[in-house]
1. Which residues, counting only those in the range 257-282, are open to solvent by 10 Å² or more (accessible area, probe 1.4 Å) and part of a loop (DSSP other than H, G, I, E, B)?
2. Taking the options Arg128, Arg199, name whichever one is over 23 Å from the mean Cα position of the chain (by Cα) and touching a residue at least 40 places away in the same chain (Cβ under 8 Å).
3. For the range 410-425, check the following and say yes or no: at least one residue is open to solvent by 30 Å² or more (accessible area, probe 1.4 Å), touching a residue at least 40 places away in the same chain (Cβ under 8 Å) and outside any loop (DSSP other than H, G, I, E, B).
4. Which number in (1) more than 30 Å from Cys295 (Cα to Cα); (2) assigned to a loop (DSSP other than H, G, I, E, B); (3) of a type outside the set (S, T, N, Q) marks the one condition that Phe38 misses?
5. Can you pull out the residues in the range 159-191 that are crowded, with 19+ Cβ neighbours inside 10 Å and without any contact (Cβ under 8 Å) to a residue 60 or more places away in the chain?
6. Surrounded by fewer than 19 Cβ atoms within 10 Å (Cβ to Cβ) and assigned to a helix (DSSP H, G or I) - does that describe any residue in the range 354-374?
7. Where residues in the range 41-90 are in contact (Cβ under 8 Å) with a residue 60 or more places away in the chain and of a type in the set (Asp, Glu), which of them is farthest from His115 (Cα to Cα)?
8. Could you go through the range 336-349 and let me know if any residue there is open to solvent by 50 Å² or more (accessible area, probe 1.4 Å) and more than 20 Å from Glu301 (Cα to Cα).
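The values are calculated or read from the model by the stated rules, or taken from the named source; none is laboratory data. Since the structure is predicted, the reported quantities are computational estimates derived from the model, not experimental observations. Here the Cβ is made from the backbone with ideal geometry for all residues, glycine too, and neighbour counts use every protein chain on show. Areas reflect the complete protein model, heavy atoms only, side chains present, ligands, DNA and RNA absent. Shrake-Rupley method; radii C 1.70, N 1.55, O 1.52, S 1.80 Å.
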Amino acid sequence: MKIGFDNEKYLRIQSEHIKERIAQFDGKLYLELGGKLFDDHHASRVLPGFKPDSKLRMLAHLRSQLEIVIVISADDIEKNKVRSDLGITYDEDVLRLRDEFMSRDFMVGSVVITHYNGQHAADLFRNRLERMGIKSYIHYLIDGYPHNVELIASDNGFGKNDYVETTQPLVIVTAPGPGSGKMAVCLSQLYNENKRGIRAGYAKFETFPVWNLPLKHPVNIAYEAATTDLNDVNMIDPFHLEAYDKIAVNYNRDIEFFPVLNALFEGIYGDNPYKSPTDMGVNMVGFCICDDEVCCQASREEIIRRYYDATNKMADGADNENEINKILMLFNQAKITTAYRRVTVAAETRREMSGHTSSAIELEDGSIITATSSPLLGCSAALLLNATKHLAGIAHEIKIIPQSVIEPIQNTKIEYLGAKNPRLHTDEVLVALSVVSENDDNCRLALEQLPKLRGCQVHSTVMLSEVDRKIFKKLGCGLTCDPVRKK
């Protein structure tokens, strides 16, 4: 994989910049953390070289100065809201996040339950936290939030909330997902710290959009493609332009909310230390791009990937036509079509030539390997075999898994498990390879090539099963599928 992002530089200058921001206040900064800490795969896809856990590794440079507060909305607890990428509820993810942080020697101070209005499920969750010895605090719904500034910045507004006790100069405020109330927790803490004579600071740590890249840079367009379901729109920050006569990119929600935030700061402090929503950010990603063209190319691929994700959701029954139309508009801005994605073209060409469902993978050296479905193998399973054989230098015509091994697996699927499709999935092919590899050097060599698939792009002319999608994800491949269901 070509590198377009200097990850080591990012770890260094980002942590230094946050230290500088802490020093601007009374040695106390509440840092609202947007996006994902452990598994920011979007950033690693559009900024090749950015590690999925880069933000966490950066915070490790500040470990001795920080503690973490995890926020969850009582409404999300009540609704059993689920993280789509992990398939677990938000309340379970709070506990997962806490365990993940603590396993890396980060201090997790407490959990804050926001938007509280007597929800029974929230009470049960708080009792569970208490039994586990985890500190928890309640922040209430405030009438007229965020516009009724006079009430919000008063003892009947933020003053009603539990004061979250913290001990470190840097407090990271994070959550399982958007809409949890992270910003309100930070502002409530500023109000209550100010009552205690501490002029604490607030900042936002969000990777996208990248404020110092052009508005229509592919990296920023890819962010819009990733958030079409949230209706986020990248914009020039008018407050930054007016204050500094400099162009900076932000997004509609922060820009629309800034006048309210400005009034809240004035209600708490008497003045606002920030002249624009961009001022509030601490993101240094834009300074760490070392090969712009590599990042542009990866971002165009990501825009196309988001298009296929959206069309696949529609094929599964989602009512998301607006989402698809917006991504098609972004295609125009990025000056691309699906044909920009080489594996898409290769898979479609193979399907037209063979008359069967097909798939393709682009390897690290740029070569493209294709495969079609057969009575024995699905097109994705055949693709894994073809790609690993190619990388191992095994001739294409050599069948490394004997038919005598495949047929018993098919028989078990049909006769005992009630499956209708006898073809082997990717996981079944990998298990078969593993079994045969004990006595076959070709199988062993093929298996040893799997790490070389990380970062490779894959396309299928049919929507793959959940099993196959998970295998490609574990292998680190970027998968897209035509919105065609298997027959």
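1. Gly270, Asp271, Asn272, Pro273, Tyr274, Lys275 - these are the residues of the range 257-282 that are open to solvent by 10 Å² or more (accessible area, probe 1.4 Å) and part of a loop (DSSP other than H, G, I, E, B).
2. Criteria check complete, one pass: Arg199.
3. no
4. (1)
5. Across the range 159-191, the qualifying residues are Asn161, Ser188.
6. Yes, the range 354-374 contains a residue that is surrounded by fewer than 19 Cβ atoms within 10 Å (Cβ to Cβ) and assigned to a helix (DSSP H, G or I).
7. Checking each candidate, the answer is Glu67.
8. no
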